[in-house]
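The values are calculated or read from the model by the stated rules, or taken from the named source; none is laboratory data. If you're wondering where the values come from, they're calculated on a predicted model, not measured in any experiment. Here the Cβ positions follow ideal geometry from the backbone for every residue, glycine too, while neighbour counts run over all protein chains shown. Heads up: the accessible areas ignore ligands, DNA and RNA and are worked out on the full protein's heavy atoms, side chains in. Shrake-Rupley method; radii C 1.70, N 1.55, O 1.52, S 1.80 Å.
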Number of protein chains: 2
Amino acid sequence: MATGRTHRPATRSRGIPEATVARLPLYLRALTALSERSVPTVSSEELAAAAGVNSAKLRKDFSYLGSYGTRGVGYDVEYLVYQISRELGLTQDWPVVIVGIGNLGAALANYGGFASRGFRVAALIDADPALTGRAVAGIPVQHTDDLEKIIQDNGVSIGVIATPAGAAQQVCDRLVAAGVTSILNFAPTVLSVPDGVDVRKVDLSIELQILAFHEQRKAGEEAATPDGGGPAAVARKESADKGPDGDVPAVMPA
Amino acid sequence: MATGRTHRPATRSRGIPEATVARLPLYLRALTALSERSVPTVSSEELAAAAGVNSAKLRKDFSYLGSYGTRGVGYDVEYLVYQISRELGLTQDWPVVIVGIGNLGAALANYGGFASRGFRVAALIDADPALTGRAVAGIPVQHTDDLEKIIQDNGVSIGVIATPAGAAQQVCDRLVAAGVTSILNFAPTVLSVPDGVDVRKVDLSIELQILAFHEQRKAGEEAATPDGGGPAAVARKESADKGPDGDVPAVMPA
DNA sequence: CCATCTTTGTGCACGCGTTCACAAAGACAT
DNA sequence: ATGTCTTTGTGAACGCGTGCACAAAGATGG
């Protein structure tokens, strides 16, 4: 750990820019919606609008995948769905384990967006013996003691961590040791992983803080807006000193 | 609803780059942890390691806020905590409403990371009459009919959407009409909002799809191994880029 | 077959973000 | 004071991502 030096030299995965990869799921969702409405073809302009991006960007993104469009017509929806799915690896089955079955873990287990895209919740794991055996989203919760066996028996390579912050690194280490090479982390902690292991982080409070920053800026500049005093919240008198409020937020209080 | 402009206006918010703003919460968390351990000062190198970023990047980030460090010593932890909190607008109270109290909404309501950073869940809102009146995380759920009144009475400017995809746009429109100017969207949909409203998106399935892409690539490059290709990929020393600092992505602004 | 129209695919330029490398600044010891 | 040591703050170079603008490619109609 302590990745002191040699950071990633280039972030191009097989010639496809990382930024493009991050948008492919967006296109895929829009295309899937079109497919369900039996729309045969779509132009870059239309699809871009549906995905909320610039049409030039979309065309460039697709150009990295190959030339799948027809000039003067657009893109074949079904064909493009297949190509993007294949590129993202969604044509195969990805068994996933969720560790930490609190409120968030349960929400994830129930989330329908997984199964519809090749992800299969292979197991739910929690350290609380009281949960063991109970079913969440129709899947029985298993105890952390069996983590390694579960990973290996199911050939799991993607793990989701939804534990409290304090347990995240330990769980991460065990997942990696057992063979997991991709981790989606919901715990508010920086995880250390060896090279070759991908970690993506989702942090609910960080997103809100970024919004707060912009919100504060908007409120501050609103003093000059022509529009009458908006009903927007007035900057309340600060008072709550940072205080040592239990910062370490447990993702779930069991 | 002409164009779904959900991407940031690329406006250098008060001279502070967007990328820097996105990292400030990361620094803040690391600093808070140091503060609780009564560490008086910290060097850019140490703090960068704790936050999982490059030290040069961290110093440049702080340089946008001003010169808060002492050469030869480092940064005063308490002072920096205050400066970043103030910059992010966390020294004031931010009432927030959560719309859609399903599994995810409940998880968010219970999430401890909000209250500890100036965010206060002012209300929970759901369209299901069966939920109305029931308490989740100690907060009574109110009906969607009262959405506008709740927003205005509480001076809410930040809304969290955790509804099914089909209801998201409608909820969004009502929130915006009632005065909300920042939205955190968990529904898998592209929201259309007028200028001046910020939207940040968190999409669980998109993150997994991005991981799957890299996972597939790793597996594909390992095909050279004599093994017939078992489903379980072995963590192997490989030049898998994508450094340890998994930045958000999609959310990126998504 | 030719003209015209539509839409893709991409060369190019620009700006943002990242990283390096080092001078400036302060602490500390002598 | 002076020198040495540590660490910040930043100028500059570089690479990536984005968006413009247009030529190429194919459809379509006469």
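Going through A:103, A:54 one at a time, which residue ends up being within 16 Å of DNA strand C (Cβ to nearest atom) and open to solvent by 20 Å² or more (accessible area, probe 1.4 Å)?
Working: A:103 fails: within 16 Å of DNA strand C (Cβ to nearest atom).
None of the other options fit; the residue is A:54.
Each row is one residue, and each column tells you yes or no for (1) at pLDDT 95 or above; (2) more than 7 Å from chain B (Cβ to nearest Cβ); (3) open to solvent by 10 Å² or more (accessible area, probe 1.4 Å).
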position: A:71; (1), (2), (3): yes, yes, yes
position: A:78; (1), (2), (3): yes, yes, yes
position: A:94; (1), (2), (3): yes, no, yes
position: A:99; (1), (2), (3): yes, yes, no
position: A:117; (1), (2), (3): no, no, yes
position: A:123; (1), (2), (3): yes, yes, no
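Among the residues of segment A:122-131 satisfying the criterion of being of a type in the set (Gly, Ala, Ser) and assigned to a strand (DSSP E or B), which is nearest to residue A:95 (Cα to Cα)?
So, considering only residues that are of a type in the set (Gly, Ala, Ser) and assigned to a strand (DSSP E or B), the one nearest to residue A:95 (Cα to Cα) is A:122.
Just a yes or no: is a residue in segment A:205-228 open to solvent by less than 60 Å² (accessible area, probe 1.4 Å), modelled with pLDDT of 95 or more, in contact with a Phe, Trp or Tyr (Cβ under 7 Å, 6 or more places away or on another chain) and assigned to a loop (DSSP other than H, G, I, E, B)?
Looking through segment A:205-228, none of the residues is open to solvent by less than 60 Å² (accessible area, probe 1.4 Å), modelled with pLDDT of 95 or more, in contact with a Phe, Trp or Tyr (Cβ under 7 Å, 6 or more places away or on another chain) and assigned to a loop (DSSP other than H, G, I, E, B).
Return a yes/no flag: does segment B:157-177 have any residue that is open to solvent by 10 Å² or more (accessible area, probe 1.4 Å), facing another protein chain (nearest Cβ under 9 Å) and over 20 Å from residue A:110 (Cα atoms).
Among the residues of segment B:157-177, not one is open to solvent by 10 Å² or more (accessible area, probe 1.4 Å), facing another protein chain (nearest Cβ under 9 Å) and over 20 Å from residue A:110 (Cα atoms), which makes the answer no.
Yes/no matrix, rows are residues, columns are (1) assigned to a helix (DSSP H, G or I); (2) within 22 Å of residue A:207 (Cα to Cα):
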residue: B:133; (1), (2): no, no
residue: B:142; (1), (2): no, no
residue: B:151; (1), (2): yes, yes
residue: B:188; (1), (2): no, yes
